[in-house]
Structures are given as C-alpha cells and as structure tokens.
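The values are calculated or read from the model by the stated rules, or taken from the named source; none is laboratory data. Keep in mind it's a predicted model, so treat the numbers as computed, not measured. Positions of Cβ are generated from backbone atoms using ideal geometry, with glycine treated the same way; all protein chains shown enter the neighbour counts. All accessible areas refer to the heavy atoms of the entire protein, side chains included, with ligands and DNA or RNA removed. Shrake-Rupley method; radii C 1.70, N 1.55, O 1.52, S 1.80 Å.
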Amino acid sequence: MINDIQQDAATRMGKSIDALKHEFSKIRTGRAHPSLLDQVTVSYYGTDSSVSQVANVAVEDARTLTITPWEKGMVQAIEKAILKSDLGLNPSTNGMVIRIPLPPLTEERRRGLVKIVKHEAENCRVAIRNIRRDANSEIKDALKEKLVSEDEARAGEEKIQKLTDQYVKDVEKLLETKEADLLSM
C-alpha cells in the first residue's frame, strides 16, 4: 500500500521535472537549437503543424538555424509563422533555405529570462510539494481505515519527504544550469 503511494508520487514528481525541462527548452539562451522552433506552428493543408513536421530544422553554426521545407510552397508560410511568433527572430530566405540568425541577448533581456526561469522552477517546486501533500493524505486515509499501522504510516511519510527533497534538489540543479547558461555568452 505504502509502496504504491510512494511509486505514484515518484512518477508524478518525475513528470513535473520533465515538464520543467520542456519549459526550460523553450527559453532561448542565444545559442541555436532546433527545439527553439517547437512552439511555432504552420498551416499545412489546413492542419496546424510544428515547423519540424513540415521542414528539416538544423543548426548551421552556434548562432544560426537553417530550415529546409519539404515543399517549396511552405517557404513563405514558415517565414510568416516565425515572424508572428514571440521569439523575436528575423528569418531570411535564400531559395528553398530559410536562415535564422539569432541575435545576441542583451544584459537586460538575460535578467528578464532569468526571472522567468526562476518562476518556472518555483512552479515546479510547488507542484512537487502538492504531490507530497496528496501522497501524505493518502497515507493518512489508509491509516484511518486501518489498512496500515502507525509505524508504517510514519515510515511512509518519511520516504515521501526524502523523495520530495530529492526532486527539489533536481529542480535546483536544473535551475542553476539554465541560469548559468543564460548569463554566459
């Protein structure tokens, strides 16, 4: 019983960490990375698709992305979608290839991105603590229904707390890495 609750909490906390990594990948650091365009969608035969589904997105050098659409007609649509996105990128087209130079981040913009990253990390910490609260309440409910003994319940709560501490440390490591990445260059 306790192990099931602990396993469920660990799974849910792991998903919170994965969601944080996904959010961090959306925040650009001045380096070119294909995932930068993941949230940009293009209308492809009436269906909204991500750029990576209608074109080949590659890194030309540290500050330049290249996009090669599968079809010639998609060049202008992709270009418009990138301009409409809130990424602040300026694509330039050369025949079938779209090049996107990434401008260097200003110090002010870096500080703003660090605040966003810290906010996302705090949201993840809160989610992990909420999962801990849910797991502990499940353990208390099991104790009230006499499914587990008091010693088992106490040991289960301690395990859940250790699990929570470990995942919060993981959030801190991710935050430090992303912050250092943003402030360098």
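Just one residue in the set N3, N56 is touching a helix residue (DSSP H, G or I) at 6+ places or on another chain (Cβ under 9 Å) and not β-branched (V, I, T); that residue is N3. Say we look at segment 145-160 and pick out the residues that are part of a helix (DSSP H, G or I) and touching a residue at least 24 places away in the same chain (Cβ under 8 Å); which of these is nearest to the chain's Cα centre (by Cα)? If we take residues in segment 145-160 being part of a helix (DSSP H, G or I) and touching a residue at least 24 places away in the same chain (Cβ under 8 Å), then I160 is nearest to the chain's Cα centre (by Cα).
If the condition is being polar (S, T, N, Q), surrounded by fewer than 14 Cβ atoms within 10 Å (Cβ to Cβ) and either within 17 Å of L83 (Cα to Cα) or in contact with an Asp or Glu (Cβ under 6 Å, 6 or more places away or on another chain) (or both), then segment 35-58 contributes S35, Q39, S43. From the list N136, N123, the one residue that fits, being part of a helix (DSSP H, G or I), open to solvent by 40 Å² or more (accessible area, probe 1.4 Å), out of contact with any Gly (no Cβ under 6 Å at 6 or more places or on another chain) and modelled with pLDDT under 95, is N123.
For segment 70-82, how many residues meet the condition of being open to solvent by 100 Å² or more (accessible area, probe 1.4 Å), part of a helix (DSSP H, G or I) and not basic (K, R)? So that I can check it myself, show each step before the final result.
Looking only at segment 70-82, we keep the residues that are open to solvent by 100 Å² or more (accessible area, probe 1.4 Å), and these are 70, 72, 76, 80.
Next, from what is left, pick out any that are part of a helix (DSSP H, G or I): 76, 80.
Remaining after also requiring not basic (K, R): 76.
Total meeting the criteria: 1.
Please indicate, with yes or no, whether at least one residue in segment 112-130 is charged (D, E, K, R) and in contact with a Ser or Thr (Cβ under 6 Å, 6 or more places away or on another chain). The answer is no, given that none of the residues of segment 112-130 is charged (D, E, K, R) and in contact with a Ser or Thr (Cβ under 6 Å, 6 or more places away or on another chain). D8 meets all of the listed conditions (1) farther than 16 Å from M96 by Cα; (2) in contact (Cβ under 8 Å) with a residue 40 or more places away in the chain; (3) open to solvent by less than 20 Å² (accessible area, probe 1.4 Å) but one, namely (3).
Among the listed residues R129, R125, R99, R109, identify the single one that is without any contact (Cβ under 8 Å) to a residue 40 or more places away in the chain and farther than 30 Å from D48 by Cβ.
Values: R125 fails: without any contact (Cβ under 8 Å) to a residue 40 or more places away in the chain; R99 fails: farther than 30 Å from D48 by Cβ; R109 fails: farther than 30 Å from D48 by Cβ.
Being without any contact (Cβ under 8 Å) to a residue 40 or more places away in the chain and farther than 30 Å from D48 by Cβ holds for just one of R129, R125, R99, R109, which is R129.
The single residue among A32, A62 that is of a type outside the set (D, E, K, R), open to solvent by 50 Å² or more (accessible area, probe 1.4 Å) and in contact with a Lys or Arg (Cβ under 7 Å, 6 or more places away or on another chain) turns out to be A62. Pairs meeting the criteria (first residue in segment 48-63 and free of Cβ contacts under 8 Å to residues at least 40 places away in the same chain and of a type in the set (D, E), second residue loosely packed, with under 15 Cβ neighbours inside 10 Å and assigned to a strand (DSSP E or B), beta carbons under 8 Å, at least 6 apart or on different chains) are E60/R99. Residue pairs whose Cβ atoms lie under 7 Å apart, sitting 6 or more positions apart in sequence or on different chains, and linking a residue in segment 161-180 that is under 23 Å from L105 (Cβ atoms) to a partner that is open to solvent by 90 Å² or more (accessible area, probe 1.4 Å), are L174/K21; L175/K118.
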